[in-house]
1. Work through the residues other than Ala78 whose Cβ is under 11 Å from its Cβ and net out their charges, Lys, Arg +1 and Asp, Glu -1.
2. Using alpha-carbon pairs under 8 Å, 6+ residues apart, how would you state the relative contact order of the chain in percent?
3. Add +1 for every Lys or Arg and -1 for every Asp or Glu among the other residues with Cβ under 11 Å from the Cβ of Lys98, and state the total.
4. Using alpha carbon coordinates only, what is the Rg to Rh ratio of the chain, with Rh defined as the Kirkwood radius?
5. State the volume of the convex hull built on the alpha-carbon positions of region 115-172, expressed per residue in Å³ and rounded to an integer.
6. Working only with C-alpha atoms, what are the Rg and Dmax values of region 43-114, expressed in angstrom?
7. Pick out, in residue order, every one of the chymotrypsin sites (Phe, Trp or Tyr not before Pro) in region 1-95 that is DSSP loop and has at most 16 other C-beta atoms within 10 Å; say none if there are none.
8. Helix-only mean residue ellipticity at 222 nm, the chain, DSSP H runs n ≥ 4 weighted -39,500 (n - 2.57), per residue, nearest 500. What is it?
Amino acid sequence: MHFEKDLGIKDKSVSLKEKLQQLNSSIEINSFSLEISEKNISKFKESDVLVDCLDNFHTRYLLNEFSLREKIPLVHAAVEAYYGQITTIIPEKTPCIKCLFPNMPDKKEAFPIIGPTCGVVGSVEAMEVIKVLTGVGETLSGKLLIVDLKCMEFETINFKRKEDCSVCSSYF
Ligand SMILES: [Zn+2]
């Protein structure tokens, strides 16, 4: 979605909006170039679904809390090198991101990204979003899909809500 001519010139949000509009001119896109914080996250209150394509856990935790507070489903995905993971959080029904990752992982300055991993994991994440929006099919709620493209293995594990989760236990 980003071409060499865009690098260092355009914000990712602007570049992405342009490409998507060239793919389908009938869709309406509102793009925001901002770093999500507790102060501005309420901008996304009207969302039908939140899609986590983030590269850090600090903002991911913020999004998780916002999802629970506003009762907006959250589709989480993350990638690194050959590996990826996807799950769907349905507020007041499923465990949350903090149940799954109770401790903030160490922040990495840089980590390898391989295009095809983003393609595979991003497509699965998009499928989850379609299922959440249409209510058709079974989502990965309460399940974590782990994608290992180095060994070409896909594994789904069930995970439970942490009874004492610092984020979601007050919503149950
Ligand atoms: Zn939780």
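The values are calculated or read from the model by the stated rules, or taken from the named source; none is laboratory data. Please read all numbers here as calculations on a predicted model, not as lab measurements. In this analysis, Cβ positions are derived from the backbone assuming ideal geometry, glycine residues included, and neighbour counts consider all displayed protein chains. What goes into the accessible areas is simple: the full protein's heavy atoms, side chains included, and nothing from ligands, DNA or RNA. Shrake-Rupley method; radii C 1.70, N 1.55, O 1.52, S 1.80 Å.
1. Numbers: positive: Arg60; negative: Asp52, Asp55, Glu80, Glu125.
Residues near Ala78 contribute -3 overall.
2. Details: 243 pairs, mean separation 34.2, N = 172.
Computed value for the chain: 20 percent relative contact order.
3. On the way: positive: Arg60, Arg161, Lys162; negative: Glu65, Asp164.
In short, +1.
4. Working: Rg = 16.5 Å, Rh = 17.3 Å.
Across the chain, the Cα-based Rg/Rh ratio is 0.95.
5. Details: hull volume 7.3 nm³, N = 58.
About 126 Å³ per residue, rounded to a whole number.
6. That works out to 12.5, 35 Å for Rg and Dmax.
7. Details: sites: Phe3, Phe32, Phe44, Phe57, Tyr61, Phe66, Tyr82, Tyr83; in loops: Phe3, Phe32, Tyr82.
Listed in order of number, the matching sites are Phe3, Phe32, Tyr82.
8. Numbers: 4 runs with 50 residues, N = 172.
The helix-only estimate for the chain comes to -9000 deg cm²/dmol at 222 nm.
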